[in-house]
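Structure first, commentary second.
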Amino acid sequence: MKLDFFECRFCDKRYNTAAGLKRHKCPSKERADFCLETKYGKTAFEAYCIWVRMRGYVKPELEACVDSKYFTSFVKFSRFFYESSIPLLQNYIEFMVEKDFLPQLWSHPEVYSQYITSFDSRVDLMEQAKITLTYIDAVAAKVGITNEELFGVMTTHEMVKMIRSRRFSPTVLYLMKSYHRYLVECTESDAAILQSMVPETTINRKLAKNPKTKEMLRGIIKQYEL
């Protein structure tokens, strides 16, 4: 049977025309529009869905998300996700669930620090290489320069931020000729900062235990002309 009215799926308010419903605003519909139409909203809803599935709850739905008591926490985390350049959304949320951190804590500096500290042991080197090299390739293409040239225009501050967020894997970076040229060309103080974040002795010890992985990484890095 054809309905002679148009009803809001969130508050059940009815309108005679589709245009009336489209103009309609209620808190839940505004949240839903935010989730469906904006970058931060889409990521907030994606984070909510991942969290719900991992906790074994019912199938995640938009209606439940917008009415969740954690909605603003998911939105806050979404902004934090982009600002902090977190490379793996699902991996981050997996860590939050494992540690039993509720969504309102996901953007806390100490919680984020715990995740970054665990990142290298949680994510294998080949996946780290994929994250690092894909990011470099994308940024260089966007700017219109080669991957190698990117190191000539990147500031130490930018590189430090990428290492801290693990967009740049210290181990993968250490294997790049471009990185070592950067160390030679930058100031002594900048070089010291980078070397503290890309510790040669620790990385060499790790690679010595995985010679096959080391050679595979070198081969992949060479393909990216780095």
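Quick notes on this one:
- Tabulated pairs, segment 49-62, first in a helix (DSSP H, G or I), second surrounded by 14 or more Cβ atoms within 10 Å (Cβ to Cβ) and of a type in the set (Asp, Glu), C-beta under 9 angstrom, 6+ apart or interchain: 50/94; 54/94
- Options 76, 69; residue that is outside the structural domain of residue 203 (by TED's automatic domain parsing), closer than 30 Å to residue 30 by Cβ, outside any helix (DSSP H, G or I) and of a type in the set (D, E, K, R): 69
- Residue in segment 119-146 that is surrounded by the most Cβ atoms within 10 Å (Cβ to Cβ), counting only those that are of a type in the set (Asp, Glu) and under 18 Å from residue 202 (Cβ atoms): 120
- Any hit, segment 189-199, residues being hydroxyl-bearing (Ser, Thr, Tyr) and surrounded by fewer than 13 Cβ atoms within 10 Å (Cβ to Cβ): yes
- Qualifying residues in segment 15-43 (those that are among the hydrophobic types (A, V, I, L, M, F, W, C) and either loosely packed, with under 15 Cβ neighbours inside 10 Å or not in a helix (DSSP H, G or I) (or both)) - the one modelled with the highest pLDDT: 36
- Criterion violated by residue 149 - all others in (1) within 25 Å of the chain's Cα centre (by Cα); (2) exposed (fewer than 13 other Cβ atoms within 10 Å of the Cβ); (3) among the charged types (D, E, K, R) satisfied: (2)
- Of the helices (runs of 4 or more DSSP H) lying entirely inside segment 85-143, the ones with 2 or more residues being under 29 Å from residue 65 (Cβ atoms), among the hydroxyl-bearing types (Ser, Thr, Tyr) and outside the structural domain of residue 161 (by TED's automatic domain parsing) are found at 109-122.
- Some residue of segment 52-60 being under 15 Å from residue 78 (Cβ atoms), of a type in the set (A, V, I, L, M, F, W, C) and surrounded by 12 or more Cβ atoms within 10 Å (Cβ to Cβ): no
- Long-range neighbours under 9 Å by Cβ, at least six apart or interchain, first residue at negative phi and hydroxyl-bearing (Ser, Thr, Tyr) within segment 204-217, second at pLDDT 90 or above and in a helix (DSSP H, G or I): 213/125; 213/126; 213/207
- Residues within segment 155-195 that are under 23 Å from the mean Cα position of the chain (by Cα), outside any helix (DSSP H, G or I), touching a residue at least 12 places away in the same chain (Cβ under 8 Å) and more than 17 Å from residue 220 (Cβ to Cβ), tallied: 1
- Residue-level check: of (1) touching a residue at least 40 places away in the same chain (Cβ under 8 Å); (2) over 14 Å from residue 103 (Cα atoms); (3) buried (at least 17 other Cβ atoms within 10 Å of the Cβ), residue 46 misses just (2).
The values are calculated or read from the model by the stated rules, or taken from the named source; none is laboratory data. All values reported here derive from a predicted model rather than from experimental measurement. A quick note on method: Cβ atoms are made from the backbone with ideal geometry, for glycine too, and the neighbour counts reach across all protein chains shown.
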